[in-house]
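A.B. asks: The structure is given below, and queries will be raised subsequently.
The values are calculated or read from the model by the stated rules, or taken from the named source; none is laboratory data. All figures in this text were calculated on a predicted structure; none of them were measured in a lab. Please note: Cβ atoms are built from the backbone with ideal geometry, for glycine as well, and neighbour counts cover all protein chains shown. All accessible areas refer to the heavy atoms of the entire protein, side chains included, with ligands and DNA or RNA removed. Shrake-Rupley method; radii C 1.70, N 1.55, O 1.52, S 1.80 Å.
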Amino acid sequence: MKPKNKKSFKELFDTAKRSAATYNAPMAIPVKTVNDRSPVVELVNNILQEALEQNASDIHVEPGNVVGRLRYRIDGNLETVYDQIPMELYSNVISRIKIMCQLNIAENRLPQDGRFSYSFGQQEIDVRVSIVPLIKGEKAVLRLLNRAGGFMDIDSLDFSQENKEKFMGLCREPSGAVIMAGPVNSGKTTTLYGALHYLNDSAKNIVTIEDPVEYQLYGINQMQVNTKIKLDFEEALKAVLRQDYDILAIGEVRSHEVAKMLVKSSLTGHLVFATVHTSSAVKVIYRLLDMGIKPFLLAIALRGIVAQRLVPRLCPHCCEVYDVLPDSSIAKALGDNYEPGLLLYRRCGCDKCRGRGIRGRVAIQELLIIDSDLQQCISYGPTLGELEEAIKNTDMKTMWEDGIEKAKAGLVEIEEIIRICNE
Ligand SMILES: [Zn+2]
């Protein structure tokens, strides 16, 4: 499926290895060979380009005893791309990566972090690099951060029409707290950026505090936490509160101090976005109360919560429709949501999805608006059960219901929704 003129990783590694051998000093080579014409440079460029073409989020370059391994994370799964990296060439590849982010190539016993920007056709990407010494050598993990920003449009956040309107309503609130919730890799930061992208306006001072800054947004003041110099979320927040801001975004609320400042600034006329590591909307409220926020303060500060997860997106070119039979396990799992004649979709595989049947991911969400009834409930410091009961009386569609709708629309397989919602 590769174009004829494109070299395979085997060819690229072999060429680089031959060229390294002619210098006959593999360990000393990096600086000398890492000029623009070096095969190692071409090799690393190809590793980056191939990762972009395959829509990978991360590149893993891993040492081994005899050979090293190259893996890409695609749609959340690690896939081996090449597992025959000659170890005599391995340090050159790592050195090239270090040079790209101006790290110390002589240091190979301590972890190092860096980043660099890279142009790929029209696309400009930021790459965040982490290098860690393992017993067999240094391992590099490169996170690819697309800078184009198109993916941050509210339309690309996978909201249902109803949730999209609610979300835009939340973004237009003059003040209060809006929380994005989900576990690691649930896309909550993308949703947070979606809100900032929507609100981005030269008449507003928008400030973020993040750990780490994942995407650079034009026109937004992004601050990175740095615990090495004791610049943690609390210190950063204290400083930012004096920066005449309109809108604030806090990367993650983990401590009582940060939660307190979040509530305080949303009660003093600011719109504040934050992410919280919980699995559902109801648990966000519970978590913030648990962090010691006074119930009556939380009730008036909180405006809304988006909780979400990511599920594999069915390839639209090859997925096939099927009839869900009444006595099938899927019909049972769907319960009241099943009706005879229900049609759902499953993966097949074609050239466009490289035979995998899936391409990219879709977010399933629940969006809770804090109305006056919920406000009253929260202000009494409810139990989790009481909160759940109160939420049932709102018009919120749960993540499960949102997932079923997306399965019916052919975006995802119902098995994935059942699996995620049962976790
Ligand atoms: Zn396909």
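A.B. asks: Quote the accessible area belonging to Arg346 in square angstrom, nearest 10, computed with a 1.4 Å probe and with ligands, DNA and RNA left uncounted.
C.D. replies: The accessible area comes out at roughly 100 Å².
A.B. asks: Debye calculation, C-alpha points only, no solvent: report log10 I(q)/I(0) for segment 9-146 at q = 0.09 Å⁻¹, in the same order as the q values.
C.D. replies: Log10 I(q)/I(0), no solvent term: -0.23.
A.B. asks: Take every DSSP beta bridge with both residues inside the chain and express the antiparallel ones as a percent of the total, to the nearest 5. Don't skip to the answer; put the middle values down first.
C.D. replies: Details: 51 of 74 bridges.
The antiparallel fraction comes to roughly 70 percent.
A.B. asks: Another question, if that's okay. Please arrange Phe233, Phe296, Phe273 by accessible surface area, largest first, computed with a 1.4 Å probe and ligands excluded.
C.D. replies: Details: Phe233 20, Phe296 115, Phe273 0 Å².
Ranked from most to least accessible, the order is Phe296, Phe233, Phe273.
A.B. asks: While we're looking at this one, here's another question. Using the Cα gyration tensor of the chain, with a ≥ b ≥ c the square roots of its eigenvalues, what is the shape: rounded (a/c below 1.5), prolate (a/b larger than b/c) or oblate (neither)?
C.D. replies: On the way: a/c = 2.42, a/b = 1.41, b/c = 1.72.
In terms of gyration-tensor shape, oblate.
A.B. asks: Okay, moving on. For segment 105-253, what is the accessible area per residue in Å² when the probe is 1.4 Å?
C.D. replies: 49 Å²
A.B. asks: Helix check for the chain. Which DSSP H runs span at least 30 Å along their own axis by Cα, with a mean Kyte-Doolittle hydropathy no less than 1.6? It would help to have the intermediate numbers written out before the result.
C.D. replies: Numbers: long enough: none.
Span-like helices, by this rule, are absent here.
A.B. asks: Normalising by the residue count of the chain, find the relative contact order in percent from Cα pairs under 8 Å and 6+ residues apart.
C.D. replies: Numbers: 763 pairs, mean separation 49.7, N = 423.
Rounded, it is 12 percent for the chain.
A.B. asks: Could I ask something else about it? Could you pull out the pairs from Lys166/Lys238; Lys260/Lys397; Lys283/Lys392 whose alpha carbons sit more than 19 Å apart here?
C.D. replies: Numbers: Lys166/Lys238 31 Å; Lys260/Lys397 29 Å; Lys283/Lys392 14 Å.
Going by Cα-Cα distance, Lys166/Lys238; Lys260/Lys397 fall outside the 19 Å limit.
A.B. asks: Share of the chain's accessible area from carbon and sulfur, percent, 1.4 Å? Mind showing how you got there, number by number?
C.D. replies: Details: 10180 of 20750 Å².
Of the solvent-accessible surface of the chain, carbon and sulfur hold 49 percent.
A.B. asks: Sequence neighbours fewer than 8 away in the same chain don't count; with that in mind, list the lysines whose C-alpha is under 25 Å from Lys10.
C.D. replies: Within the straight-line limit of under 25 Å, Lys10 reaches these lysines: Lys2, Lys32, Lys98, Lys136, Lys139, Lys352.
A.B. asks: Further, regarding this structure: In percent, what relative contact order does segment 86-152 have, based on Cα pairs under 8 Å that are 6 or more apart in sequence?
C.D. replies: Numbers: 92 pairs, mean separation 16.2, N = 67.
Contact order relative to length: 24 percent.
A.B. asks: Cysteines of the chain lacking any other cysteine beta carbon under 4.7 Å?
C.D. replies: Cys101, Cys171, Cys319, Cys377, Cys421
A.B. asks: Could you check which residue among Asn65, Asn205, Asn45 shows the biggest mean-square fluctuation in a GNM of the chain with a 10 Å Cα cutoff?
C.D. replies: Per the Cα network of the chain with a 10 Å cutoff, Asn65 tops the list.
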